[in-house]
Amino acid sequence: MDNGSRGRKDTRLLKEKRNDAYKCKDKLPDFAHCSTCGAMFIGGRWTWNTPTAAKSKVVCPACQRCADDYPAGYIEMKGDFFAKHRAEIISLSKNIETQEKEPRPMERIMAIREEGDHTLLTTTGVHLARRIGDALAQSFKGSYNFHYADGEQKIRVYWER
Ligand SMILES: [Zn+2]
């Protein structure tokens, strides 16, 4: 059950190196194509354009994070209200992902799992974690907090009701 905290401790050592790895943007050629999810790198950003002109095959930062189980965003959700409305709240979170992922292919939900007294939802990007936190607070009120770490390359969001 404490896999999460153990995992964080282990990955902290690799933090510097890995954050660089996820920011490989500048080194990629145009039309680099992620062989895992199909996202394509054009003009300095990732898109969902169809890879008809795909040149080099790469693994995009979001797929790399999923493969490494190394999230950028953590959202802790808990409380009696949450327990009662869990399905609805998770479904709202997934809707936010669907909206965000369209213009920003690197923003995705990685996993949703039970951890101690809360449900932990992890994301590949800090932006999506913030958006989900905002949406939960807006739709369901409750108490909402977040803090950034690693020079804003990571975020931990807490929502409770
Ligand atoms: Zn990918």
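Quick note: the coordinates plus some simple rules give every number you see, no bench work behind them. Since this is a predicted model, take the numbers as computed values, not measurements. Heads up, the Cβs are rebuilt from the backbone with ideal geometry, glycines too, and the neighbour counts pull from every protein chain shown.
A protection proxy built from the mean count of other Cβ atoms within 10 Å ranks the segments 67-74, 27-34, most packed first, as 67-74, 27-34. Projecting the Cα atoms of H85, A72, F146 onto the charge dipole of the range 68-160, computed from C-beta unit charges around the Cα centre, puts H85 farthest toward the positive end. Computed over neighbours whose Cβ is under 12 Å from that of A39, the net charge equals +3, Lys and Arg +1, Asp and Glu -1.
By the equivalent-ellipsoid construction on the alpha carbon gyration tensor, the range 38-143 comes out with semi-axes of 30, 14, 10 Å, ordered largest to smallest. Taking 21 Å as the limit for the C-alpha separation, the pairs K27/K94; K27/K57; K78/K141 exceed it in the case of K27/K94. In this rough spin-label picture, where each label sits 7 Å from Cα along the Cβ direction, the H118-S91 distance is 2.4 nm.
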